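The values are calculated or read from the model by the stated rules, or taken from the named source; none is laboratory data. For clarity, every value in this text was computed on a predicted model and none was experimentally measured. Methodologically, a virtual Cβ is constructed for each residue, glycine included, from the backbone with ideal geometry; neighbour enumeration extends over all protein chains shown.
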Amino acid sequence: MPLVSGKQLLIEARKGKYAVGAFNANNLEMIQGIIGAAEEERAPVILQASQGAIKYAGLEYITEIVKVAGRLARIPVVLHLDHGTDFSQAVLCLRSGFTSLMFDGSLLPYEENVRITKAIVEIAQPCGVSVEGEIGRIGGVEEGEASEASPVLTDPREAQSFVEDTGIDSVAVAVGTIHKMKVKKARLNLDLLQEIADRVKIPLVLHGSSGVPDEALREAVKRGISKVNIATELSIAFSTELRKTLVKLPEEVDTRSLLKPAREALKQVVRRKIRVLGSSGKG
């Protein structure tokens, strides 16, 4: 089937109290592993292209590979721009075939964040493309960024105003997670999340989920999180298995033999995450 917009998938997720996994991919093998896992779990899936992925693989390559994956898949597939940098990039991704766009204006003054996000909404929504914004600031180093941003927890009233002022379809909120965390030590402020969910009636998005224990993720989903971004855990699984294979097969020169186990390891992580988020069988 063709790629789909993220809007309806996330509306259904919020109603059903599950979350759709949004998985970052940098190459063919990662995309294959993510799609394969989603098909086996019969779950809708969001494939995300970060700034690093776009620089590494090229916008056209990423778009066309995911378009083929979506066409061959038996489950709904969304192609999402993760942490978009500006209006021009949103236009390029829209023209290229992305079906969901995120603009990250969390480092900007509120009024400027609203202005750019709203402008992207105005060009994307008439094309059936969903838009995600961000209010508050998730800490840690985002892919493609040189400096580490200090976290700023989302203010529920400001989140409500931001949604009303921009018309976005989903909003990323800062409730205690950190980008690129490699250990399970993030502490979610679930009371804050509940207060945001009570005020904001569109799907909420959790970034920086790699440091969050499974039970906390499940509770966050119950309280209104409808999309969960997952990147670092995939990279760890892929690279760890690739290193093991290189040690086991030091003379191997066929890259397919080297990359296949890494793809399988990543796939198993994706399957487990889909189950934690409760989206198995929803595709």
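Remarks
- Residue check for VAL270: farther than 30 Å from ILE11 by Cβ and modelled with pLDDT of 95 or more: no
- Condition met for ILE196 (at pLDDT 95 or above, touching a Ser or Thr at 6+ places or on another chain (Cβ under 8 Å), over 18 Å from SER106 (Cα atoms) and not charged (D, E, K, R)): no
Condition check ((1) modelled with pLDDT of 95 or more; (2) within 24 Å of GLY208 (Cα to Cα)) across all residues:
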residue	(1), (2)
GLU64	yes, no
ALA69	yes, no
SER100	yes, yes
PRO109	yes, yes
ILE123	yes, no
GLU143	no, yes
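- Entry remark, the range 15-57: residues being outside any loop (DSSP other than H, G, I, E, B), over 16 Å from the mean Cα position of the chain (by Cα) and either surrounded by fewer than 22 Cβ atoms within 10 Å (Cβ to Cβ) or basic (Lys, Arg) (or both) number 11 in total.
- Screening VAL175, VAL221, VAL228, VAL200 for residues that are under 20 Å from the mean Cα position of the chain (by Cα), of a type in the set (Val, Ile, Thr) and under 24 Å from MET30 (Cα atoms) leaves exactly one candidate, VAL228.
- For the range 176-190, the criterion of being buried (at least 20 other Cβ atoms within 10 Å of the Cβ) and at pLDDT 95 or above is met by no residue.
- The number of residues in the range 101-138 being basic (Lys, Arg) and either closer than 20 Å to LEU10 by Cα or assigned to a loop (DSSP other than H, G, I, E, B) (or both) comes to 1.
- Output for the range 236-254, where each listed residue is without any contact (Cβ under 8 Å) to a residue 12 or more places away in the chain and surrounded by 13 or more Cβ atoms within 10 Å (Cβ to Cβ): LEU249
- Of the listed requirements (1) over 19 Å from ALA237 (Cβ atoms); (2) under 16 Å from the mean Cα position of the chain (by Cα), TYR61 misses just one: (2).
- Members of the range 80-110 that are of a type in the set (Phe, Trp, Tyr) and touching a Lys or Arg at 6+ places or on another chain (Cβ under 9 Å): none
- One residue stands out among those in the range 117-136 that are closer than 12 Å to VAL91 by Cβ and among the aliphatic types (A, V, I, L, M): the one that is nearest to the chain's Cα centre (by Cα), which is VAL129.
- If you go through the range 236-283 and keep only what is hydroxyl-bearing (Ser, Thr, Tyr) and touching a strand residue (DSSP E or B) at 6+ places or on another chain (Cβ under 8 Å), you end up with just SER279.
- Test: residue in the range 182-192 that is in a strand (DSSP E or B) and touching a strand residue (DSSP E or B) at 6+ places or on another chain (Cβ under 7 Å): no
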